[in-house]
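The block underneath contains the structure these notes are about, expressed in structure tokens.
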Amino acid sequence: MLTRILISFFIMIFIAACGSSPKEDAGADGAGGSGLTSVDYTSDGVKAGTGDDLIINVGDRIFFEFASHELNGEAQEQLQAQAAWMKQYSNVTLTVEGHCDERGTREYNIALGERRAQAMKNYLIGLGVTADRLSTISYGKERPAVLGSSEAAWSQNRRAVAVVN
Amino acid sequence: MKNLFLLFFLTVVFLKAGFLHSEELEIGISQGNIKPTPIAVTDFFAENLKSKKFGKDISNVISNNLERSGLFKIINKKSYIQDSESLNNQPRFEDWKLIKAQHLVSGNIIIKGDTIEVEFRLYDILTQKQITGKRYETGKSNWRRVSHIISDEIFERITGDTGFFDTRIVYVAESGPVGKKQKRLAIMDQDQSNHRFLTDGSYMVLTPRFSPTSQKITYMSYINKQPRVFILDIETGQQEIVGDFPGMTFAPRFSPDGKKIIMSYSDPDVGNSEIYTMELSTRSVERITNNPGIDVSPSFSPDGSKIVFNSDRGTRQHLYVMDYNGKNLKRISKGVGSYFTPVWSPRGDKIAFTKLENRQFYIGIMDIDGKNERMIAEEYHVEGPTWAPNGAYLMYYKQSKTFVDSEGKVKSGGESKLFMVDTTGHREREIVTPLEGSDPAWSPLLH
């Protein structure tokens, strides 16, 4: 006896031709228009109130223990300097990036990176920086600062970093 | 984006054997490391010379599938005594017994214009009986798909378990230097054919997962530097953000009925991840957890009544089970070490997970109450298990240690690769991808 079954279904062929999307932001030092403005330079020739100024003269990052988002004394000191700098340049806004070392899963580390960024943001708010100048993003373990599978690299990668917008 | 739709009409005819159906031979994949069954898979017979290539290709796809399962040993074609043409009339069982085949797959094909008729028969050599036989009629270009369907049929009749060959894998294809890898979605058949990219790499994507009921994928995307959960319809190419959340959403999975997304959401005012569900039709959002610890990586039980997830609310990261509404919460992981990414098996009786203990990562399986924990894969880094739809295999990815020189430049390592293994932890094999691969997700059976 013959049984006939008719099954119909779809197979689809996907042609990858996705639209473009914005690349990394261009440097923050781009020309800001033709108006006459004066620009301050710090003693080592870096433009004051810029990302470079923050990195070189203040410090842009803090570090964490494994699987922790607690701010140690060193991190708190660092953030006090950042808060003072933020008060000096009141038009500056920051994105706080949270990162992790490679010793965890993607999903857990994304959550942990967010907590680190948030811990930094909240501490800065506690020091008087207004919340509307601070946003956060977590990259989990996807963007290590230092490469290598060693404690030396991991300790540099468990971090939160202030990026001037 | 452009898409081609191809309607695939498949006619299936059951072929009657001249004998009574033989009883199914129980092997049972979950019973440990059994010896692979020797099986002969002949080139499918074709009168027409041009069709002969198809006969060979179909046979090869079936052989590779069965071999990949670890449960079959394909007997070398060179030792076959009876040729395909004579086999097409009636197998000489003595010939196949002589080369120690337990089973024999034969078939023939007829190509008429754009359609192909594929007929296959599966025999048990010892009892000299036909176990099953079917004829499929479909578009010529679907020959590979039919080969997978036949493979599933053979697997099912011999092992008593449903197959996993007519399935696809979505994963994150990685390229570029360690630490700055481009991560894009890619999809391929379970046997790595028909590979194609689903996103262009201009933004990072992570953790894709299939819908159990439709050709959709949910995943996390960093498009416009706004990390959020999206759904991609792989038929239309349409991408859609899941919900309107002011903060980061991540770690998504579909509910078993395909109607909800379960995921983690980090409220920007709180900065802590909680588990939420969103009903896709009404967009209604429900918060399931409420705890100062991180709650992440939720996965529904197949009946939708329970959720397993990962939390660091205790001293370390552990696995917890709760009802769909957050009630009756219990920690299930009991060992030392940290536990991550639990995934409920499609059979409902096991949970696969990632574990970190003494600086070593593992993929493990435990009962749903946390008992009978055992490790099935181990590496410097391994994570992200995904179940085959029959619950008998797992896929995951490994990342090798990164070695750097004195200037911090990468000398070697840091590579991500996909692997699959059966649930006994035996017969692990690499799933080779064109680029590096991570975060694999197995589709349900397509037929």
Per the list (1) within 13 Å of chain A (Cβ to nearest Cβ); (2) over 20 Å from A:I137 (Cα atoms); (3) out of contact with any Leu (no Cβ under 6 Å at 6 or more places or on another chain), residue check on B:G293 breaks on (2)
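Tell me which residues, restricted to region A:104-151, are of a type in the set (S, T, Y) and surrounded by 24 or more Cβ atoms within 10 Å (Cβ to Cβ).
At the first step, the residues of region A:104-151 found to be of a type in the set (S, T, Y) are A:105, A:108, A:123, A:130, A:135-136, A:138-139, A:149-150.
Answer for region A:104-151, where residues must be of a type in the set (S, T, Y) and surrounded by 24 or more Cβ atoms within 10 Å (Cβ to Cβ): A:T105, A:Y108, A:T136, A:S138.
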Residue hits (region B:120-163; within 14 Å of another protein chain (Cβ to nearest Cβ), closer than 18 Å to B:L87 by Cβ and basic (K, R)) are B:K134, B:R135
With criteria (1) in contact with a helix residue (DSSP H, G or I) (Cβ under 8 Å, 6 or more places away or on another chain); (2) buried (at least 22 other Cβ atoms within 10 Å of the Cβ), B:Q399 comes up short on (1)
Requiring at least 1 residues that are surrounded by fewer than 17 Cβ atoms within 10 Å (Cβ to Cβ), the strands (runs of 3 or more DSSP E) wholly within region B:254-366 are B:273-279, B:285-287, B:318-323, B:350-357
The number of residues in region B:238-282 that are over 21 Å from B:M322 (Cα atoms), modelled with pLDDT of 95 or more and charged (D, E, K, R) is 1
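Hey, which of the helices (runs of 4 or more DSSP H) in region B:39-141, taking only ones fully inside, have at least 2 residues that are of a type outside the set (K, R) and within 26 Å of the chain's Cα centre (by Cα)?
On the way: elements: B:49-68, B:84-87, B:93-98.
Ranges flagged: B:49-68.
Can you tell me which of A:I62, A:I56 is assigned to a helix (DSSP H, G or I), farther than 30 Å from B:Y396 by Cα and in contact (Cβ under 8 Å) with a residue 12 or more places away in the chain?
Values: A:I62 fails: assigned to a helix (DSSP H, G or I).
Answer to the check: A:I56.
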Is there a residue being within 22 Å of the chain's Cα centre (by Cα), polar (S, T, N, Q) and crowded, with 24+ Cβ neighbours inside 10 Å anywhere in region B:154-165?
no
When region B:221-246 is checked residue by residue, the ones that are at the interface with another protein chain (Cβ under 9 Å from one of its Cβ atoms), free of Cβ contacts under 8 Å to residues at least 40 places away in the same chain and either of a type in the set (S, T, Y) or within 15 Å of B:M278 (Cα to Cα) (or both) are B:Y222
The number of residues in region B:180-201 that are farther than 30 Å from B:I58 by Cβ and either touching a residue at least 12 places away in the same chain (Cβ under 8 Å) or buried (at least 23 other Cβ atoms within 10 Å of the Cβ) (or both) is 7
Restricting region B:341-361 to residues that are within 14 Å of chain A (Cβ to nearest Cβ) and touching an Asp or Glu at 6+ places or on another chain (Cβ under 7 Å), the one nearest to B:V382 (Cα to Cα) turns out to be B:F361
The number of residues in region B:378-396 that are surrounded by fewer than 18 Cβ atoms within 10 Å (Cβ to Cβ), of a type in the set (D, E, K, R) and within 12 Å of another protein chain (Cβ to nearest Cβ) is 0
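The values are calculated or read from the model by the stated rules, or taken from the named source; none is laboratory data. Worth saying up front: this structure is predicted, and the values here are computed from it rather than measured. For neighbour counting, all protein chains shown are included, and Cβ atoms are generated from backbone atoms with ideal geometry for every residue, glycine included.
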